[in-house]
Amino acid sequence: MYDPGPNCNFVYAVFGILLNTQNPSPFFRRVQNRTRTVTRVCHARVENDSTLNLLGSSQMAAFLARKSLLALRARHLAVSGQGLHNSQNYALRLNAHSFSTKLEDEEREQLAKEISKDWSTVFERSINTLFLTEMVRGLMLTLKYFFETKVTINYPFEKGPLSPRFRGEHALRRYPTGEERCIACKLCEAICPAQAITIEAEEREDGSRRTTRYDIDMTKCIYCGFCQEACPVDAIVEGPNFEFATETHEELLYDKEKLLENGDRWETEIAENLRSESLYR
């Protein structure tokens with residue numbers, strides 16, 4: 001009869017505590033089932049297996065203790081391998097090679113890696129807290145743009161460039177002699193999609209036709225530029241002015257005199273824009 005010795009007696013006492021502990025968790029119930037299996041199989045194998053008889057009581061105790069610890073730490077250390085309840089696994093493990101420390105060395109290496117990773121994280125966080133590295137990074141970005149050319153302008157004292165094709169406030173132009181360019185063809189009135197233009201004309205004593213009324217409702221205008229494109233004599237144009245906000249609706253109902261006044265004011269800019277765009281029209 002094989003005598004388990006004091007070490008095995010201690011391990012069996014630990015197994016007895018595990019078996020008698022009341023714990024409703026599924027994991028602990030599986031541990032108890034495996035403990036019962038290990039206890040029964042170990043008693044049978046110790047009595048019948050000559051290999052185990054030669055190993056001694058201390059090695060048997062170490063074997064049982066290692067198996068119990070592996071079962072308890074399965075969730076936390078993610079130990080790979082098959083369970084102890086497999087009978088084929090017993091045939092392979094119950095030999096001299098089953099007591100090697102290869103698995104324990106792998107666990108130790110994995111634990112050392114995790115500890116080193118944790119220490120590196122703690123060290124990095126300590127450095128960031130001590131030297132305020134995140135705040136320094138933010139201030140460096142601020143200083144980078146502090147010395148660069150500013151992208152904003154001091155409007156209205158400073159104004160950005162406008163394209164020659166900019167469509168702003170409407171204007172009626174004159175010839176250099178002072179004569180009105182408009183010939184009352186009403187093409188601009190016909191093409192206006194918003195129907196914002198109203199024109200009336202009559203024949204003069206010399207037989208020419210000139211407008212007697214040229215009104216634009218600026219609240220209807222969509223600034224599409226069709227009127228300027230349709231005009232055969234470049235009479236109606238959209239000038240460079242975009243600052244014509246008013247306090248009342250009536251001030252945005254432009255008549256012929258208002259449009260001619262705008263043309264006289266912006267004639268230089270309008271003529272230059274038309275000249276630069278003449279190559280593309």
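FYI, it's all coordinate maths here, none of it is from the lab. These figures come from a predicted structure and were not determined experimentally. Heads up, the Cβs are rebuilt from the backbone with ideal geometry, glycines too, and the neighbour counts pull from every protein chain shown.
Using amide H atoms built 1.01 Å from N in the peptide plane, name the residues 5+ places from A201, or on other chains, whose amide H lies under 5 Å from its own.
Amide H to amide H, under 5 Å and 5 or more residues apart or across chains, A201 pairs with T212.
Going by how many other beta carbons lie within 10 Å of each one, how would you line up I236, I153, I191, fewest first?
Taking fewest neighbouring Cβ atoms as first place, the list is I153, I191, I236.
Using θ = phi - 60° and the Karplus relation 6.51 cos²θ - 1.76 cosθ + 1.60, list the HN-Hα couplings for the stretch 145-160 in order, rounded to whole Hz, with x at every Gly or Pro.
7, 5, 9, 7, 5, 6, 8, 9, 10, 8, 6, x, 6, 10, 10, x
Apply the Karplus parameterisation 6.51 cos²θ - 1.76 cosθ + 1.60, with θ equal to phi minus 60°, to every residue of the stretch 166-172 and state each ³J(HN,Hα) to the nearest whole Hz, in sequence, with x for glycine and proline.
Karplus-based 3J(HN,Hα) across the stretch 166-172 equals 4, 10, x, 5, 6, 7, 9 Hz.
Once you keep just the Cα pairs under 8 angstrom separated by 6 or more residues, what percentage relative contact order results for the stretch 170-280?
Here the relative contact order equals 33 percent.
Points 7 angstrom from Cα along the Cβ direction at L162 and H249: gap in nanometres?
2.7 nm
Kindly provide the GluC sites (Glu not before Pro) of the stretch 172-281 that DSSP labels as loop, not H, G, I, E or B, and whose Cβ sees at most 16 other Cβ atoms within 10 Å.
Within the stretch 172-281, the qualifying GluC sites (Glu not before Pro) (loop, at most 16 other Cβ atoms within 10 Å) are E179, E205, E243, E247.
Write down the Å³ per residue value for the convex hull defined by the alpha carbon atoms of the stretch 170-280.
Convex hull volume per residue, Cα atoms: 112 Å³.
Using modelled backbone amide H atoms (1.01 Å from N, in-plane), which distant-in-sequence or interchain residues come within less than 5 Å of I183's amide H?
Amide H neighbours of I183, under 5 Å, 5+ apart: none.
May I ask which of K150/K220; K220/K258; K150/K258 have a Cα-Cα span longer than 28 Å here?
Checking Cα-Cα distances, K150/K220; K150/K258 exceed 28 Å.
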